[in-house]
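Here is the structure we will look at, set down as structure tokens.
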Amino acid sequence: MWYNRRRNMSLRINYEKELNPQQLEVVLNGDGPVLVLAGAGSGKTRTITYRVAYLLENGVLPQEILLLTFTNKAAREMLFRVSTLIQTPNSNFQLPFSGTFHSVANRLLRLFANEIGYSQNFTILDQEDTHSLIKTCLKEMQVDTSERRFPSPPNAGSLLSYARNSCLPIRSVLEERQANFFSLYSVFERLAEVYAQHKHESDAMDFDDLLFNLQILLEDHPEIRNRLSRQFRYVLVDEYQDTNVVQANIVRLLCAVHKNVLVVGDDAQSIYSFRAAQIRNILDFSKMYPGAKTFRLTTNYRSTPEILNIANHSIENNLDQFKKDLRAICPSLEKPHLAALADGFKEAQYITKEVFSMMKQGVPLKEIAVLFRAAFHSQALEFELMKQKIPYEYRGGLRFFERAHVKDVIAYLRLRANPKDEAAWLRVLGHQPGIGLVTAQKIISFVRSIKDISEVCSMDFALPKRAYSSWNELIKILFELSQQSHPADLIRLVISGDYRSYLEAEYPDFKDRLEDVGQFALFAEGTSDLTKFLSELSLTDAYGIERDGKERDDRERMVLSTIHQAKGLEWDAVFVIQVADGKFPNPRALIEDGGLEEERRLFYVATTRARKRLYYTYPLTSGTEAVFIQQPSLFLQELPKKLFEQVQHKKNEWEEPTIVCDELGERKSFLRSVDEL
């Protein structure tokens with residue numbers, strides 16, 4: 001076959017021509033343990049694929065190469081590039097052991113499942129299966145999950161998963177991540193045991209088991225470990241900074257014989273500790289592999305020099321890192337803009353105005369992105385985009401008003417406005433322990449005749465014991481709602497009641513959801529008419545519609561994304577919003593070990609997503625009843641002012657804002673007022 005082992009032959013690929021000197025050094029000298037520090041936009045995928053092609057051209061067999069990635073998309077892209085490079089006549093070319101950690105683990109476990117007490121036909125549980133099985137285990141343990149204080153199966157599963165991937169005791173994970181459940185640590189420890197037993201008896205593994213069981217197989221069966229590590233002459237790992245403890249152990253065990261392990265990553269882009277990613281894996285690579293070579297890819301093909309100046313200056317403030325400066329290939333353009341706006345709504349207006357300006361200049365909407373630290377930061381902007389009929393795509397989740405917890409709160413408000421709203425009743429009653437669909441329909445049939453929500457509080461009808469207790473809790477909040485009418489006050493009432501306990505028990509990210517609702521209340525301060533407010537929420541879904549009402553091509557949408565979801569992507573123009581003290585860095589990160597440096601890496605990732613234009617914006621004030629003055633983020637304050645063009649506004653916010661003069665006194669440009677657009 002075409003891939004028979006060949007040595008000392010002339011190579012068909014002109015590597016010197018196709019690669020820059022840094023990339024070429026990696027491709028030609030990648031034997032032994034190798035750490036490749038690949039800066040943002042430096043061509044890491046190109047380097048990996050050329051390295052694989054080089055190995056194949058030098059007689060290494062496809063089955064002797066282990067290529068590990070974090071997404072199937074990345075694996076497919078690399079495989080396609082390699083097959084194109086080596087010009088194989090076989091259209092079905094494969095690297096048998098290339099793919100995500102989980103997919104490769106699955107393949108290896110199918111070969112040796114009997115050694116760890118499973119059959120080769122074991123089942124892989126998806127997320128829904130996992131939650132269902134955890135629910136069964138809790139029932140078997142006779143845990144009273146009707147109490148709001150106990151987490152939901154998805155929440156419990158998330159905590160167990162983090163403990164396994166981080167190799168930390170459950171007790172430590174609870175203390176660190178959800179201290180409100182710490183008193184239940186013994187229940188969680190027992191749950192982990194029962195859950196593991198059920199999986200084993202069912203001949204089933206969840207996604208975490210694929211990695212964990214492969215690690216056990218390799219550690220406990222040296223003959224299998226040696227067999228596999230002899231086969232894999234070359235191990236290559238993409239995005240190594242995102243590996244957790246288990247994944248790093250698997251890599252170490254699989255390269256034990258040949259020691260040819262090449263890992264590619266960027267410590268400056270390690271931002272997934274909440275998923276148990278361990279930055280020490282990349283920082284301590286040379287300790288784990290003595291004599292390891294380190295290469296740096298620092299030539300950036302993506303961003304302008306002005307953008308990279310900010311990225312380089314920012315990340316150098318991190319102490320625990322590999323020092324490297326990105327160098328630009330792209331020509332020089334304008335400096336990134338820094339705009340301080342009066343409040344979150346003016347910030348949204350400013351961004352919308354700039355988007356219209358770019359559209360008039362011919363910038364496609366799909367080449368414009370708005371990035372933010374937390375999902376709730378986008379709320380004011382989303383509403384403004386909907387009002388202005390600018391279509392957008394939300395990455396990494398649902399748009400603000402489509403999120404479950406926001407819809408839940410809106411359902412309470414709908415009941416305050418219209419107590420006959422059956423859909424709202426079904427949603428609200430669905431959160432009450434002991435109230436199923438039959439009981440909910442019974443309650444709804446009773447309330448159809450009422451005209452005001454306060455009347456519900458005096459109604460008396462027979463309900464099962466558990467349902468009756470939940471109903472009594474619900475009518476307390478309904479009575480309080482009946483005494484208020486302002487939308488913002490109503491939202492705050494909902495979140496101060498039993499619904500808060502529901503969020504804490506139901507979701508691992510309940511703190512983020514509480515912040516969402518808090519921002520929703522701030523947004524609602526703009527109107528005092530509840531009916532009008534609810535109508536606007538229902539009628540502002542302009543997704544996919546242009547200003548003239550015509551449908552827009554699906555590809556023509558600007559992107560809104562959390563910074564985490566934007567990693568690996570790039571756009572011509574990027575707005576990074578809410579870059580204010582108390583918002584970014586996230587206050588919770590400041591009390592975590594290494595939290596501030598990871599937040600700065602997030603800032604670095606956001607900055608390096610931009611090719612040509614970059615904007616940082618933040619509101620000068622926040623709050624409503626009490627107005628707080630906000631300072632720019634620490635990450636902005638620690639940068640030299642000369643790196644920005646600072647947008648400065650007059651007292652009348654939209655009275656012809658201008659860009660202040662730079663150091664040379666040159667007036668760079670003028671921004672037209674929103675009214676002109």
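Tell me, how many Å apart are the Cα centres for segment 425-503 and for segment 321-389? A separation of 42 Å, based on Cα centres. Here the contact order of segment 128-238, divided by its residue count and restricted to Cα pairs under 8 Å and six or more residues apart, works out to 23 percent. As a fraction of the 1.4 Å probe accessible area of segment 268-341, surface on carbon and sulfur atoms comes out at 54 percent.
Express in % the proportion of alpha carbon pairs of the chain at distances exceeding 32 Å. Cα-Cα pairs of the chain separated by over 32 Å account for 59 percent.
Accessible area per residue for the chain, computed on protein heavy atoms with a 1.4 Å probe, is 45 Å². Cβ-Cβ distance of Asp452 and Asp203, R₀ of 56 Å, FRET efficiency by 1/(1 + (r/R0)^6): the value works out to about 0.45. Net charge within 13 Å of Cys137 by Cβ-Cβ distance, Lys/Arg positive one each and Asp/Glu negative one each, not counting Cys137 itself? Surrounding charge for Cys137 is -2. Assuming charge only on the beta carbon of Lys and Arg (+1) and of Asp and Glu (-1), the dipole of the chain about its Cα centre is about 1720 debye to the nearest 20. With helices as the sole contributors, the chain gives -13500 deg cm²/dmol at 222 nm; each DSSP H run of n ≥ 4 counts as -39500 (n - 2.57), and the sum is divided by every residue. Listed by chain and number, the lysines placed with their C-alpha closer than 23 angstrom to that of Lys335 are Lys324, Lys346, Lys353, Lys360, Lys366, Lys567, Lys612, Lys641, Lys642, Lys650, Lys668; residues fewer than eight positions away on the same chain are left out. Under a 5 Å amide H cut-off, with hydrogens placed 1.01 Å from N, Arg395 pairs with Leu560, Ser561, Thr562 among residues at least 5 apart or on other chains. Does segment 184-340 come out rounded, prolate or oblate, given a ≥ b ≥ c as the square roots of the eigenvalues of its C-alpha gyration tensor, rounded meaning a/c under 1.5 and, failing that, prolate meaning a/b above b/c? Here segment 184-340 falls in the oblate category. The relative contact order of the chain comes to 16 percent, based on Cα pairs under 8 Å that sit 6 or more residues apart. Taking all protein chains as present, what is the carbon and sulfur share of the accessible area of segment 129-258, in % to the nearest whole number, probe 1.4 Å? After summing per-atom areas, the C and S share lands at 48 percent.
Relative contact order, whole percent, for segment 404-471 stands at 34, derived from Cα pairs under 8 Å and 6 or more residues apart. Within straight-line reach of Lys476, meaning a Cα separation under 21 Å, sit the following lysines at least 8 residues removed in sequence or on another chain: Lys407, Lys420, Lys442, Lys451, Lys465.
The values are calculated or read from the model by the stated rules, or taken from the named source; none is laboratory data. Remember, predicted model here, so these are calculated numbers, not experimental data. As a convention, Cβ positions derive from the backbone with ideal geometry for all residues, glycine included, and neighbour counts pool all protein chains shown. Ligands, DNA and RNA are stripped out before the accessible areas are found, and what is left, the full protein with its side chains, is counted by its heavy atoms. Shrake-Rupley method; radii C 1.70, N 1.55, O 1.52, S 1.80 Å.
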